[in-house]
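Here's the structure we're looking at; comments come further down.
Please treat every number below as a calculation from the coordinates, not as lab data. All figures in this text were calculated on a predicted structure; none of them were measured in a lab. Please note: Cβ atoms are built from the backbone with ideal geometry, for glycine as well, and neighbour counts cover all protein chains shown.
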Amino acid sequence: MRETDFVSGFARGLKVIEAFGEKTPRLAIADVSKATGLDRATARRCLLTLAELGYADYDGKFFSLTPKILRLGHAYLSATPLPQVVQPYLDRLAEEVHQSASASVLDGTEVVYIARASQKRVMSINLMPGSRLPAYCASMGRVLLAALPENEARQLLEKTSLAAFTPRTKTEPNELLEELSKVRQQGFAIIDQELELGLCSIAVPLKNDRGITVAALNIGASAASISADQMAHKFLEPLQAVANALRPLLR
């Protein structure tokens, strides 16, 4: 891209929006400046612009995003048929196995949920379309990373802050690369309480009619009721059946 085609003001505004999150729903100008690396004056102008356009509320000290911001994500969900195509299949899968089922895509170092059918809550956070999780320690993330050329997967891991969410979380890059190699060979990924204690999950790639991985599907279950060793035996076949049924529908 040519330098003259890059709109720096727009890029700064997007960076300010991304500063808000589940743990940072209300931010002062100084907070945004620190999180984004922008100077306070630039952060202030971006925040006041968002407030003027209705994308943020301002109480005189703190800013918070408004529901209008969902229009930005809805534009993506509306523009692609994938979530609409996948959702009814997830609903039936969740009913069949009596567990929650999800679909996600890779966005940089994270997975973004695009569809979900929740039978029971197995995580402390409430997952829904638009929710994000780190790819390296999520079953869908490992499937999506494994679908990349090895050098691309390695580069993404190098960009990732490999934090240990639980004592079981794999954080060594070489160990994760070995895990991705295993996922490529067997065609699925299983997470044993790496993201959150008490949670196991299994994921498979969702490929289009040309054999390209476009998303991942998973089932999550409580480790107290189903151990990681049982996940493939109980859920791999139903997951693969859904992936195979969806494949001819995806271009």
(request) Provide a single number: the residues in segment 147-179 that are within 20 Å of Ile212 (Cβ to Cβ) and buried (at least 17 other Cβ atoms within 10 Å of the Cβ). (result) 3
(message) Can you name every one of the strands (runs of 3 or more DSSP E) wholly within segment 13-109 that holds 2 or more residues which are over 20 Å from the mean Cα position of the chain (by Cα)?
(response) 56-58, 63-65
(message) Taking the condition of being closer than 26 Å to Asn126 by Cβ and part of a loop (DSSP other than H, G, I, E, B), how many residues in segment 147-195 meet it?
(response) 16
(message) Residue under question is Leu144, and the condition is that it be crowded, with 20+ Cβ neighbours inside 10 Å and not in a strand (DSSP E or B); does it hold?
(response) yes
(request) Might you check whether a residue that is under 28 Å from Pro83 (Cα atoms) and without any contact (Cβ under 8 Å) to a residue 12 or more places away in the chain occurs anywhere in segment 188-209? (result) no
(request) Pick out the one residue from Ala11, Ala103 that is surrounded by fewer than 16 Cβ atoms within 10 Å (Cβ to Cβ), aliphatic (A, V, I, L, M) and either out of contact with any helix residue (DSSP H, G or I) (no Cβ under 9 Å at 6 or more places or on another chain) or closer than 25 Å to Ala163 by Cα (or both). (result) Ala11
(message) Pairs please, first residue from segment 49-74 and more than 24 Å from Met128 (Cβ to Cβ), second anywhere and of a type in the set (Ser, Thr, Tyr) and surrounded by 12 or more Cβ atoms within 10 Å (Cβ to Cβ), Cβ atoms under 6 Å, 6+ apart in sequence or on different chains.
(response) Ala51/Tyr58
(request) Residue by residue through segment 200-235, note down the ones that are in a helix (DSSP H, G or I) and either farther than 23 Å from Pro129 by Cα or out of contact with any strand residue (DSSP E or B) (no Cβ under 9 Å at 6 or more places or on another chain) (or both). (result) Ala228, Asp229, Gln230, Met231, Ala232, His233, Lys234
